[in-house]
Structure formats: structure tokens, C-alpha cells
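Here is the structure we will look at.
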Amino acid sequence: MTEFFASLYEFFGLLPFYSKDFADHLRGWAADCSGYTGTIWYNIIAITMTGVTALGYALMYHIIDSPKWNKKQHWWIVALVIIALNWFIAFNSF
């Protein structure tokens, strides 16, 4: 599962968003350089982001399912809140 999430985050390959050392840290490389025995952050961040997105979907389409909130601007507000929450979670996970 780690390799699947890592491939999603490292999709750009030659133009990465972060260094190889940071990618190793996200894969679970221990701080004392003893091997991949640390916390696997790729899995934690990906599962949390998927959960937040699913919660936003459930909120918009199953909990607040009313004609009053069925407008494009409401959908965009929920989408931007999901983006902000996912960024905050990923940024503060370490």
C-alpha cells in the first residue's frame, strides 16, 4: 500500500515537489538511519485525506441534501474547505 501512495505523490518523477530524503522519511526511514522502521507517513496522510474527502462528499450529498444548498457556489465552498483541511493535515502531520 505504501508503494501505491508513494507513486501517487511522486508521480512527477523528474520534477519532484520535494527531495529524495523527504520521500524516504515519508516511506518510514528512521531518524537514526537504521532502516525503514519509522512511521510510514504516506499511508497515514493518504488515508486521512481520503477520509476527509469522503466526509465532505457525505456532508454535501447525503446530510445537507436540500434544494437550498444545491448551488454551484455551495459546492465550491465545500471543495475549498476540503482542500484547506487536507493541506492542513498533510502540513501538520510531522
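The values are calculated or read from the model by the stated rules, or taken from the named source; none is laboratory data. Just so it is clear, the model here is predicted, and its values are computed rather than measured. Neighbour counts run over all protein chains shown; Cβ positions are idealised from the backbone, glycine included.
Points worth noting:
- Single condition Leu55 does not satisfy, out of (1) without any contact (Cβ under 8 Å) to a residue 40 or more places away in the chain; (2) under 10 Å from the mean Cα position of the chain (by Cα): (2)
- Condition met for Gly35 (in contact with a Ser or Thr (Cβ under 8 Å, 6 or more places away or on another chain) and either at positive phi or of a type in the set (S, T, N, Q) (or both)): no
- Top-ranked residue in region 30-66 [being hydroxyl-bearing (Ser, Thr, Tyr) and under 23 Å from Trp87 (Cβ atoms); ranked as surrounded by the most Cβ atoms within 10 Å (Cβ to Cβ)]: Tyr42
- When residues of region 67-84 are limited to those that are loosely packed, with under 12 Cβ neighbours inside 10 Å and hydrophobic (A, V, I, L, M, F, W, C), the one nearest to Tyr18 (Cα to Cα): Ala84
- Per-region count, region 85-94, residues without any contact (Cβ under 8 Å) to a residue 12 or more places away in the chain and either surrounded by 11 or more Cβ atoms within 10 Å (Cβ to Cβ) or over 20 Å from the mean Cα position of the chain (by Cα) (or both): 2
- Residue within region 65-73 that is at pLDDT 80 or above and among the charged types (D, E, K, R) present: yes
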